[in-house]
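S.K.: What follows is a structure written as structure tokens; I'll ask about it next.
The values are calculated or read from the model by the stated rules, or taken from the named source; none is laboratory data. Everything quoted here is computed from the prediction, not taken from an experiment. Cβ sites come from the backbone with ideal geometry, for glycine too, and all protein chains shown count toward neighbours. Remember, those area values only see protein heavy atoms, side chains included, never the ligands or the DNA or RNA. Shrake-Rupley method; radii C 1.70, N 1.55, O 1.52, S 1.80 Å.
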Amino acid sequence: MLGAYRKTRWALSVAERNLAAVTADLPGSPRGHSAARTLARLWPYVRPVRARLATAAVIAVLASCVGLVVPLVLKAIVDGPVADHDPGGVWLGALGLLLLGITEAVLFGFRRWLVARPLAGVEAELRRDLFGRLQRLPTSFHDRWASGQLLSRATTDLMMLRMFLAFPLTFLLVNGVTIVVGVAILVIQDWGLGLLLLVPVAPLIPLCTYFERRYSTAARQAQDQIGDVTTLVEESVLGIRVVKGFGRHRSQARVFRARAKELRATELRKAHLLAWIWGVITTLPELAIVAALVLGTVRVADGDLSAGTLVAFLSTALALRWPVESIGFLLAMCQEAAAAAERYFEVMDERPEQDVPLPAPEARAEPRPGAADGLRFHGVGFRFPDAAPDAPPLLDGVDLHVRPGETVALVGATGCGKTTLTHLVPRLYELSAGRITLDGEDITAMPRERLRSRVAVAFEEPTLFSASIAENVLMGAGPGAGAEDLARALDVAQAGFVRDLPHAEHTEVGEQGLSLSGGQRQRLALARAVVGTPPFLVLDDPLSALDVATEAAVEAALRRVLEGTTALVVAHRPSTVQLADRVALLSGGRITAVGTHHQLLRENAEYAWLMSGAERALEGQA
Ligand SMILES: Nc1ncnc2c1ncn2[C@@H]1O[C@H](COP(=O)(O)OP(=O)(O)OP(=O)(O)O)[C@@H](O)[C@H]1O
Ligand SMILES: [Mg+2]
């Protein structure tokens, strides 16, 4: 089932991407012009360090221009001491050159020092915001997005943005200024030769524009493919047991190779484009320099140009080679950064969960908010945002009242929407219709933080984080909770096994720690749900992985907790149902029967069938 989702999601993302690639190729499409605009969105992050960046840029311009003085000193040496056979003067000139070189190096080093720290700060800020946003985006967002895509955005793309701020941003400016100053020096020295060097600029402009457009498409595609590869690696690492258990490592490797090959093809296309533009950018000025050399030599021979001027002219032209040549890959880096920024802001532009107070609910005969009224579902409807448009809603008019202090078991066939219904209470998904109230107060009118502090949940798949057991459990409590609460919660969940672990409750668990058994994890998740003594408790089949003896012990302890709480407990087994005061049967998207276990067993055929295990027996035959 999950595989099918993933596949449709994958197919959709491929389709989207192809569409993006096609539209980007269309002339005049917004993407062609938007690289600068996308990058401009980084300004709020760069603003705080703008002074340093500007200083660094000025220093880099200075350093670069110091480099341009070298040819002028050369000219002075050639036309002066060399022509006059004055060794002392040559030494002095050489000393001057050495000083210039040292100055240039020191200035560039200073620039690096100036920008390194603030840019690391900018990257950290971008990453922090992205992480914060990921935490606040609704569950439905995470259903749609592959985790590897998010991971690669938080790593590779942010690195590209930092590199962009460190190099291309500064050096496009620095090299631009250097080229202008250099060309001015050339034209002043000899305008004829200078203009000759400018001839290649004309064809370079349209060529660079064409290159940028092609490269930006390829860059975006490559970064998306990195995301896909990341997803694949992540899934196969997390699912390594399944991969090994079913001997799937070969087919996984095959899939990986296919994706890696796609990425390689895209990277090669980028390399081809870059090689091509680099070739053109290098060759054209080189040809112009050769032409200038020939013409200049002829003119020196004719005596209407001094040898020193020619030396200075050519060495200035040669000094300009690097600024000109680098433009190709600086543009490439800009395009990559634009793609990275685009991917970054795609996530940042998603709407986070918001506390929007609903219009005042129409007056109804219901208790004043605040009075004990328990948990009520009023005509609750829900459909997944990504469900097929013609599919009927999963939940359609669920009406249920869990009275204060009461425990209601929710029973229904597998896949009928029980888990989904439990997710609606802490607003992990938003209702499509109807209302849910806690003590008469609409959950959509409550700040999420308060809602979630009143409702505690334990999910079907107990997730533990890479942290100690104590930290994992206390996650369910307010800031003031301590060792006593922890001990009580562990006691309720019958998690006595914790005492036998190497460091008791300080043992590290989760991905980087000790791996616990399914039943042990389930008991910790249960402890996490009850540690904060929440007034409302939603448990999704909390005892499914326990053996009969442990289940009975947990039930006995849980019964004590449930006494004071209003609880909705999803149950599959008769033994869990026994915990509840009443049972509600979810079928066809609504509650079709409510009553005690024995009542429903007698009166409701579907319930009797579910509880008799007939369903499981049928599944076994299928
Ligand atoms: N993100 C999603 N988009 C579309 N459909 C989904 C999504 N998540 C779950 N579903 C579908 O919603 C239905 C209800 O799922 P749910 O997990 O609520 O069932 P359940 O009653 O808890 O089943 P079980 O008893 O097996 O735990 C399933 O058919 C499932 O495939
Ligand atoms: Mg479920």
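S.K.: Quick one: in region 471-490, which of the residues that are open to solvent by less than 60 Å² (accessible area, probe 1.4 Å) and assigned to a loop (DSSP other than H, G, I, E, B) is farthest from Gly564 (Cα to Cα)?
M.R.: Gly482
S.K.: While we're on this one: Can you tell me which of Ala529, Ala553 is open to solvent by less than 10 Å² (accessible area, probe 1.4 Å), in contact (Cβ under 8 Å) with a residue 40 or more places away in the chain and in a helix (DSSP H, G or I)?
M.R.: Checking each option against the conditions leaves just Ala529.
S.K.: Let me ask you something else. Going by what's in this entry, would Phe384 be described as more than 23 Å from Leu610 (Cα to Cα) and more than 9 Å from ligand 1 (Cβ to nearest atom)?
M.R.: For Phe384, the condition - more than 23 Å from Leu610 (Cα to Cα) and more than 9 Å from ligand 1 (Cβ to nearest atom) - is not met.
Per-residue answers, yes or no, for (1) among the hydrophobic types (A, V, I, L, M, F, W, C); (2) more than 28 Å from Pro404 (Cβ to Cβ):
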{"site": "Ser453", "(1), (2)": "no, no"}
{"site": "Leu464", "(1), (2)": "yes, yes"}
{"site": "Val473", "(1), (2)": "yes, no"}
{"site": "Gly478", "(1), (2)": "no, no"}
{"site": "Ala483", "(1), (2)": "yes, yes"}
{"site": "His503", "(1), (2)": "no, yes"}
{"site": "Arg528", "(1), (2)": "no, no"}
{"site": "Thr533", "(1), (2)": "no, no"}
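S.K.: Where the second residue is among the basic types (Lys, Arg) and in a helix (DSSP H, G or I) and the first is without any contact (Cβ under 8 Å) to a residue 24 or more places away in the chain and lies in region 218-229, which pairs have Cβ atoms under 9 Å and are six or more apart or on separate chains?
M.R.: none
S.K.: Enumerate the pairs (first residue in region 57-77 and charged (D, E, K, R); second residue anywhere and at pLDDT 80 or above) with beta-carbon separation below 8 Å, excluding pairs fewer than 6 apart on the same chain, so at least 6 apart or on different chains.
M.R.: Lys75/Gly308; Lys75/Thr309; Lys75/Val311; Lys75/Ala312
S.K.: A further question on this structure: Scanning region 198-222 for residues that are part of a helix (DSSP H, G or I) and β-branched (Val, Ile, Thr), which turns out least open to solvent (accessible area, probe 1.4 Å)?
M.R.: Quick first cut of region 198-222, residues part of a helix (DSSP H, G or I) only: 198, 201-222.
Those left that are additionally β-branched (Val, Ile, Thr): 201, 205, 209, 217.
Values: Val201: 68, Ile205: 107, Thr209: 78, Thr217: 16 Å².
In this case the residue turns out to be Thr217.
S.K.: I want to confirm something. Restricting to region 534-574 and keeping residues that are farther than 17 Å from His423 by Cα and within 16 Å of ligand 1 (Cβ to nearest atom), which single residue is farthest from the chain's Cα centre (by Cα)?
M.R.: So the residue we want is Pro574.
S.K.: Collect the residues in region 385-431 that are under 16 Å from Ile591 (Cα atoms), within 14 Å of ligand 2 (Cβ to nearest atom) and either of a type in the set (S, T, N, Q) or outside any loop (DSSP other than H, G, I, E, B) (or both), keeping them in residue-number order.
M.R.: Of everything in region 385-431, those that are under 16 Å from Ile591 (Cα atoms), within 14 Å of ligand 2 (Cβ to nearest atom) and either of a type in the set (S, T, N, Q) or outside any loop (DSSP other than H, G, I, E, B) (or both) turn out to be Leu395, Ala409, Leu410, Val411, Gly412, Thr414, Lys418, Thr419, Thr420, Leu421, Thr422, Leu424.
S.K.: Scan region 432-452 residue by residue and report those that are assigned to a strand (DSSP E or B), away from ligand 1 (no atom under 16 Å from the Cβ) and β-branched (Val, Ile, Thr).
M.R.: Matches in region 432-452: Thr437 only.
S.K.: When you look at Pro462, is it of a type outside the set (D, E, K, R), under 30 Å from the mean Cα position of the chain (by Cα), at pLDDT below 85 and farther than 25 Å from Thr422 by Cβ, yes or no?
M.R.: So Pro462 fails the test.
S.K.: Same structure again: Looking for something open to solvent by 40 Å² or more (accessible area, probe 1.4 Å), closer than 22 Å to Gln189 by Cβ and part of a helix (DSSP H, G or I) - is there at least one such residue anywhere in region 131-152?
M.R.: No, because not a single residue in region 131-152 is open to solvent by 40 Å² or more (accessible area, probe 1.4 Å), closer than 22 Å to Gln189 by Cβ and part of a helix (DSSP H, G or I).
S.K.: Residue by residue through region 267-325, note down the ones that are β-branched (Val, Ile, Thr), free of Cβ contacts under 8 Å to residues at least 60 places away in the same chain and open to solvent by less than 40 Å² (accessible area, probe 1.4 Å). Steps first, please.
M.R.: Residues of region 267-325 β-branched (Val, Ile, Thr): 277, 280-283, 289-290, 294, 297-298, 300, 309, 311, 316, 324.
Now narrow it down to the ones that are free of Cβ contacts under 8 Å to residues at least 60 places away in the same chain: 282-283, 290, 294, 297-298, 300.
Selection gives Thr282 alone.
S.K.: Quick one: would you say Leu238 is aliphatic (A, V, I, L, M) and modelled with pLDDT under 85?
M.R.: Yes, satisfied.
S.K.: Would a scan of region 462-470 turn up a residue that is open to solvent by 20 Å² or more (accessible area, probe 1.4 Å), closer than 19 Å to Val538 by Cα and out of contact with any helix residue (DSSP H, G or I) (no Cβ under 6 Å at 6 or more places or on another chain)?
M.R.: Within region 462-470 (the criterion being open to solvent by 20 Å² or more (accessible area, probe 1.4 Å), closer than 19 Å to Val538 by Cα and out of contact with any helix residue (DSSP H, G or I) (no Cβ under 6 Å at 6 or more places or on another chain)), the answer is yes, since at least one residue qualifies.
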